[in-house]
Structure formats: C-alpha cells, structure tokens
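Next up is a structure, given as structure tokens.
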Amino acid sequence: LGGKMAGGEWGDVIHGTAWLETRLEEDLYFLLTQQADRFSKVGYDTKGIASVEQVIRSRLQKAVGTRLIDSNFVVTMPSVELTEATDRANRLYKASFEARLIGAIKFMTITGTVTV
C-alpha cells in the first residue's frame, strides 16, 4: 500500500508512536522500581515530579534523535499545588506532552522556469 497500513495510517507513524509509548512506559517503570530497590520511592513532591519530568524529556529527546518528533516538544508538569487532592490520595500524577511528528515526504510537486 505504498507505506500505508490497512487502516490507512502511515507505517512509520504507527510504529514510531508505539515505540515512543512503550519505551516511555518502560522508562517510568524503571524509575519507580529503581527507587523501590533502594527502599525508597518517587515522592509526590517537587523532587519526585522533577524526576518524572527528566525521564519524559530524556525519552522525547531520543525520539527527536530518531527523527520521530520535532525538537520543539512541550512537557507540562503541574506543581503539587495544582494537582487534585483525590489524585494525590490515590497517588496519581497527571503530566502531559505535545510533540509534532516529523513524518516523511513521499510525494513532491516541483515547478521551475528556465530562461535564456
């Protein structure tokens, strides 16, 4: 199908976003388990949030390096004061990021003029 999958999406987009999601989940899991192995934890405080942010930014930089996303990504990490009390009680932290897929050029239209 010329690079498109059966559902109509480009193969690099499907595989690239799956890679990013899976690796990010692994990175965050490793952050939590490394702390647990040290009989510690990722605190629901400024330091813990900074640790999570560092992991997210590191993975996004790797995605930039693989040419999956553009380098102008934005990571949003609410401070503890801006989180919901129920989320803190349930140990749930909600962060987000926005990034533009680089995609690829497959078709081109080139126009030109040659004069004497």
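So for the stretch 71-89 (the condition being open to solvent by 100 Å² or more (accessible area, probe 1.4 Å) and either under 30 Å from Glu9 (Cβ atoms) or modelled with pLDDT under 95 (or both)), does at least one residue qualify?
First, the residues of the stretch 71-89 that are open to solvent by 100 Å² or more (accessible area, probe 1.4 Å): 72, 81-82, 84.
Narrowing the set further to residues that are either under 30 Å from Glu9 (Cβ atoms) or modelled with pLDDT under 95 (or both) leaves 72.
So far as the stretch 71-89 goes, yes, one or more of its residues are open to solvent by 100 Å² or more (accessible area, probe 1.4 Å) and either under 30 Å from Glu9 (Cβ atoms) or modelled with pLDDT under 95 (or both).
To continue, here is another question. Taking Lys94 as the residue in question, decide whether it is open to solvent by 100 Å² or more (accessible area, probe 1.4 Å), among the charged types (D, E, K, R) and in contact with a helix residue (DSSP H, G or I) (Cβ under 9 Å, 6 or more places away or on another chain). Break it down stepwise before answering.
On the way: open to solvent by 100 Å² or more (accessible area, probe 1.4 Å): yes; among the charged types (D, E, K, R): yes; in contact with a helix residue (DSSP H, G or I) (Cβ under 9 Å, 6 or more places away or on another chain): yes.
Yes: the conditions hold for Lys94.
Can you work out which of the residues in the stretch 10-52 that are within 16 Å of Ile69 (Cβ to Cβ) and of a type outside the set (A, V, I, L, M, F, W, C) is least open to solvent (accessible area, probe 1.4 Å)?
Keep residues of the stretch 10-52 that are within 16 Å of Ile69 (Cβ to Cβ), which gives 10, 12-24, 27.
Add one more test, that the residue is of a type outside the set (A, V, I, L, M, F, W, C), and what stays is 12, 15-17, 21-23, 27.
Numbers: Asp12: 79, His15: 121, Gly16: 12, Thr17: 60, Glu21: 112, Thr22: 55, Arg23: 69, Asp27: 31 Å².
Among those residues, the one meeting the criterion is Gly16.
Right, next: Within the set of pairs 6 or more residues apart or between chains, which connect a residue that is closer than 17 Å to Tyr93 by Cβ inside the stretch 26-40 to a residue that is open to solvent by 70 Å² or more (accessible area, probe 1.4 Å) with Cβ atoms less than 9 Å apart?
Leu31/Gln54; Leu32/Lys41; Gln35/Lys41; Ser40/Gln34
If you don't mind, another one. Pairs under 7 Å by beta carbon, first residue within 22 Å of Ile56 (Cβ to Cβ) in the stretch 87-116, partner hydroxyl-bearing (Ser, Thr, Tyr) and not in a loop (DSSP other than H, G, I, E, B), six or more apart or different chains?
Ala95/Thr76; Ser96/Thr76; Phe97/Thr76
List the number of the failed condition for Ser40; all other conditions in (1) touching an Asp or Glu at 6+ places or on another chain (Cβ under 7 Å); (2) farther than 29 Å from Lys4 by Cβ; (3) not aliphatic (A, V, I, L, M) hold.
Condition (1) is where Ser40 drops out.
Going through Tyr29, Tyr44 one at a time, which residue ends up being touching a helix residue (DSSP H, G or I) at 6+ places or on another chain (Cβ under 9 Å) and not basic (Lys, Arg)?
Details: Tyr29 fails: touching a helix residue (DSSP H, G or I) at 6+ places or on another chain (Cβ under 9 Å).
Criteria check complete, one pass: Tyr44.
The values are calculated or read from the model by the stated rules, or taken from the named source; none is laboratory data. Keep in mind the model is a prediction, meaning the values are calculated, not measured. Reconstructed Cβ throughout: ideal geometry from the backbone, glycine too, with neighbour counts over all protein chains shown. Calculation scope for accessible area: heavy atoms of the full protein, side chains included, ligands and nucleic acids excluded. Shrake-Rupley method; radii C 1.70, N 1.55, O 1.52, S 1.80 Å.
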